[in-house]
Amino acid sequence: MAAIKLGHKPEGLKIEELTAPQGPDDPYYPSFYIDSDDEDLLKLPDEGKAVIEFKVTSRRYEEQERKGKTKKSCNICIEVMSIEPEKKAAKPKGNKDARDAVEKYFDKDDSD
């Protein structure tokens, strides 16, 4: 299966309402948040390609008639079981202060 491109121009949303800073012509991309105590997440590069193991937990598709045009929309909810960055991915580079703080947290002595 070919890659599914997820960027799109949001309809009815102002750019200020989106979570990521974007310019007026930039596409909106969906995102997901990972909450884990696995310190390997620190090694995840700031961008690149990865294989994601997932399971679709719900899916919805609808068509609506508006002003003589059919508007189609689809949304899914997925569980992400694992993420494996490609081997040749670049090393992490962004927000060094945040990475250092998290690394210190994981490296601290638990006997405090």
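No lab work stands behind these numbers, since they all come straight from the coordinates. As the structure is a prediction and not an experimental result, all values here were calculated from the model. Using ideal geometry, Cβ is built from the backbone for each residue, glycine included, and neighbour counts are taken over all protein chains shown.
A few notes on this one:
- The label-point distance for residue 47 and residue 77, in a model that sets each label 7 Å from Cα toward Cβ, rounds to 3.1 nm.
- Per-peptide average of other Cβ atoms within 10 Å, ordering 40-47, 70-77 highest first: 40-47, 70-77
- Other-chain or far-sequence residues with amide H under 5 Å of residue 78's (modelled H): 57
- Entries of 9/72; 55/88; 9/71; 5/72; 49/88 with Cα pairs more than 18 Å apart: 55/88
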